[in-house]
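S.K.: This structure is in structure tokens; I'll ask about it shortly.
The values are calculated or read from the model by the stated rules, or taken from the named source; none is laboratory data. A quick note: this is a predicted structure, and the numbers were derived from the prediction, not measured. Ideal geometry is used to build each Cβ from the backbone, glycine not excepted, and the neighbour counts take in all protein chains shown.
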Amino acid sequence: MNNAVDLKAIKPYRAGTLTYTRLGLITLFLWLLWGDFCFTLMRAVIPNLLPLALKDLGASNLLMGVVIGSIPSLMNMIVNPIISVRSDRYRSRFGRRIPFLFIATPFVALFLILIGYSDAIGIWLHSHILYSCNISSISLMIALICIFSVCFQFFNMFISSIYYYLFADVVPEQFMGRFMAWFQVVGTASGFLFYRYILGFSKTHMREIYFVIGLVYLISFLFMCWRVKEGEYPPPPEHAHGKSIIGSVKVYLHECFGHSLYIWIFLGTATFMVAVVSTSAFGLLFARDTLGLSLDEIGKIQSWCMLLSFCLMIPMGYLSDKLHPLRIYIIGVAIFVVGMTVSFFAIHDKSTYFVYSLITTALYLFFAVSNVPMFIALVPREKYGQFSSANAIVNSLGIILGSFLAGKFFDIIGNYRYLYIWVAFFGFLSLIPMFFVYREWSRRGGIKGYVPPHI
């Protein structure tokens, strides 16, 4: 998979100092995609099961928005730049990304499992230790869910950020669009498994779901970290040494926010995050509480959406490579906005929910396959983690604000149907910054000669 492979029979492919034969490249893809399968399965649990648990315990929409969206985003805004820049500059015999993933993974699995046992822990604490305190067992359970969830999100930040940075370091650039398409395909297959065969049992086997998925993720992701090898990196830039904290922050801000192109990218992606952040927390509640569907029915419908995604991801990935991911991104967001607007008026029962879920899923795929390749193509590759962290800061601000306002919005309006209007409105606003991104990208050479601005 690296320089040790036999290069005689097959033309090699390169990513930095790494050299792959065709077989080596396939092996790399398989390990990364297996990690993606387990990673996606793990990530499906929180946005789908946590809102149900909190809602059934009587928590408000505002609390759900804050716990699921605002608090993790606030932590991400503070911590992500630190770990991203640290990872960019870190050098070890295991690479600069893998060590961070390896250390964080056990804590992610631990707190995921603890979330599933929050009710049992809460009842035990209330009966044996806190029985004299003026707090109900329900309130204690809600508090434990929130605490374990925040701890889970903290350690998951290391995984969610640095896992994607790893791709830019080990995947050859000419295969990035196709790799991300396969990445989405495998993630979709994982989502299909969750919605089709797991979600329907969440009412009766909640603890088992958290435990088994946490354990599978722990073993599989650690094994992936062992098998994927990074190459060698040049020494970190000289300005990183001998600088005060304030000086380093000034350099960071100047490099990441010193050109209008990067500012427009950050604003465009952040505004789209405001649009879609409400779907994870309130989309399931719309189907269950507004349309009256059972969790099993919702899971079956979503599994068909995953199956459709599975079929469309690869051709869309090739399309992204051919036309450029920036173009596909803008087209995808625009037609997704139209689809969500139509869905607001058209969905009124199980059948229409099924049809328009398929339609909006297909439209969302344009964004899904192009988002990461677009960012990789537009920013300096040697500082990809640094620019990703800057993007995460701005995105986190959007998610903090969006989660809080969405929770308050649905508490006031009392109708989850307006989720579709929320997504369409902010999705449309996100296209305005991307217009300026496209104009600057074209001016700097476009698809044939674009070079990221260096400051």
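S.K.: Being part of a helix (DSSP H, G or I), without any contact (Cβ under 8 Å) to a residue 60 or more places away in the chain and of a type in the set (Val, Ile, Thr) is the filter here; which residues of the stretch 126-183 pass it?
M.R.: Result: Ile147, single match.
S.K.: Keeping to the stretch 142-163, report how many residues are small (Gly, Ala, Ser), at pLDDT 90 or above and surrounded by 21 or more Cβ atoms within 10 Å (Cβ to Cβ).
M.R.: Result for the stretch 142-163: 1.
S.K.: Separate question: Considering only residues that are within 24 Å of Pro235 (Cβ to Cβ) and among the charged types (D, E, K, R), which ones fall in the stretch 54-96?
M.R.: Arg86, Asp88, Arg89, Arg91, Arg93, Arg96
S.K.: Additional query: Checking the structure you have, find out if any residue of the stretch 85-96 is free of Cβ contacts under 8 Å to residues at least 24 places away in the same chain and not hydroxyl-bearing (Ser, Thr, Tyr).
M.R.: Scanning the stretch 85-96, I find at least one residue that is free of Cβ contacts under 8 Å to residues at least 24 places away in the same chain and not hydroxyl-bearing (Ser, Thr, Tyr), so the answer is yes.
S.K.: Quick one: in the stretch 98-108, of everything that is in contact (Cβ under 8 Å) with a residue 60 or more places away in the chain and over 17 Å from the mean Cα position of the chain (by Cα), which residue is surrounded by the fewest Cβ atoms within 10 Å (Cβ to Cβ)?
M.R.: Here the residue is Pro106.
S.K.: Got at least one residue in the stretch 192-204 being aromatic (Phe, Trp, Tyr), in contact with a Lys or Arg (Cβ under 9 Å, 6 or more places away or on another chain) and either surrounded by fewer than 20 Cβ atoms within 10 Å (Cβ to Cβ) or in a helix (DSSP H, G or I) (or both)?
M.R.: Checked against the condition, which is being aromatic (Phe, Trp, Tyr), in contact with a Lys or Arg (Cβ under 9 Å, 6 or more places away or on another chain) and either surrounded by fewer than 20 Cβ atoms within 10 Å (Cβ to Cβ) or in a helix (DSSP H, G or I) (or both), the stretch 192-204 yields at least one hit.
Table: residues versus (1) at pLDDT below 90; (2) farther than 18 Å from Pro380 by Cα; (3) surrounded by fewer than 15 Cβ atoms within 10 Å (Cβ to Cβ); (4) among the hydroxyl-bearing types (Ser, Thr, Tyr).
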{"residue": "Ser244", "(1), (2), (3), (4)": "yes, yes, yes, yes"}
{"residue": "Tyr252", "(1), (2), (3), (4)": "yes, no, no, yes"}
{"residue": "Val277", "(1), (2), (3), (4)": "yes, yes, no, no"}
{"residue": "Ser294", "(1), (2), (3), (4)": "no, yes, yes, yes"}
{"residue": "Trp304", "(1), (2), (3), (4)": "no, yes, no, no"}
{"residue": "Ser309", "(1), (2), (3), (4)": "yes, yes, no, yes"}
{"residue": "Met313", "(1), (2), (3), (4)": "yes, yes, no, no"}
{"residue": "Arg327", "(1), (2), (3), (4)": "no, yes, no, no"}
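S.K.: For the stretch 55-80, what are the residues that are surrounded by fewer than 22 Cβ atoms within 10 Å (Cβ to Cβ) and closer than 17 Å to Phe387 by Cβ?
M.R.: Passing the criteria: Met77, Val79.
S.K.: With respect to Ser73, is the statement that it is in contact with a helix residue (DSSP H, G or I) (Cβ under 6 Å, 6 or more places away or on another chain), polar (S, T, N, Q), in a helix (DSSP H, G or I) and modelled with pLDDT under 85 true?
M.R.: Answer is yes for this residue.
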